[in-house]
Amino acid sequence: MDWPSFLTGAGAIPVIAGLSAWLGKIWANRILEQDRTKYHTQVETLLQDLRTRDSKELFVHQLQFEKEFEIYKELWAKVLVLGRAGKHFRDLQMGPIKPGEQVKSDFCNAYNALSELVYSNRPFYAPAIYKVCKMLLDTSANVSRAIYKQGLLEKRGGESDKTVEKLIELDEKKEGDLDKINDLVGDICEAIHARIWSTDKKDWDRNRT
């Protein structure tokens, strides 16, 4: 058989078609393998990125939890000091354990210490706990103002009905605020407890509680 004639004649059509199909299959397999390698690399890169991101987020949440936990330990200690200092005002009425000026000084120092902690760490702990701590500070400030006004009235002397009435009003307001301080100390305890124990550290969102 004359191969050149055969390939240029009518017999060339099936041969060329067969060669084309064979070459097409080879190229298709090569392209498929290239795509498979490309997509495999992309998937591995994506998975690695996700693993790295999860690891970083977990690390950040862990740091956040530890930072908040340390704040809450210090916060609770100072809240208790302020609460006890408030109770000493009632001790003055039943027979003072400490001099009146010492009681006032202790209350003022406890207030200042808690205020510094609450405001300086505000970005680093839960807004709900900041809110109740601010209520405690505001109520304590009301007590201090009532005591200051009582002192001014007592220094002026006089026993006019108006003065006595004002002193009674201030005393009632002070007693009400001292009761509120006791309640707020309990509220802060519950808020810290809820924040620490009812939240998964991995999924901790600062704004949830």
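The values are calculated or read from the model by the stated rules, or taken from the named source; none is laboratory data. These numbers were taken from a predicted model, which means no experiment stands behind them. Here the Cβ positions follow ideal geometry from the backbone for every residue, glycine too, while neighbour counts run over all protein chains shown.
When the stretch 152-181 is examined, which residues are found to be under 21 Å from Ser105 (Cβ atoms) and surrounded by fewer than 12 Cβ atoms within 10 Å (Cβ to Cβ)? The answer is Leu152, Glu154, Lys155. May I ask you to say which residue of Arg195, Arg122 is modelled with pLDDT of 90 or more, surrounded by 12 or more Cβ atoms within 10 Å (Cβ to Cβ) and among the charged types (D, E, K, R)? Exactly one of Arg195, Arg122 is modelled with pLDDT of 90 or more, surrounded by 12 or more Cβ atoms within 10 Å (Cβ to Cβ) and among the charged types (D, E, K, R), namely Arg122.
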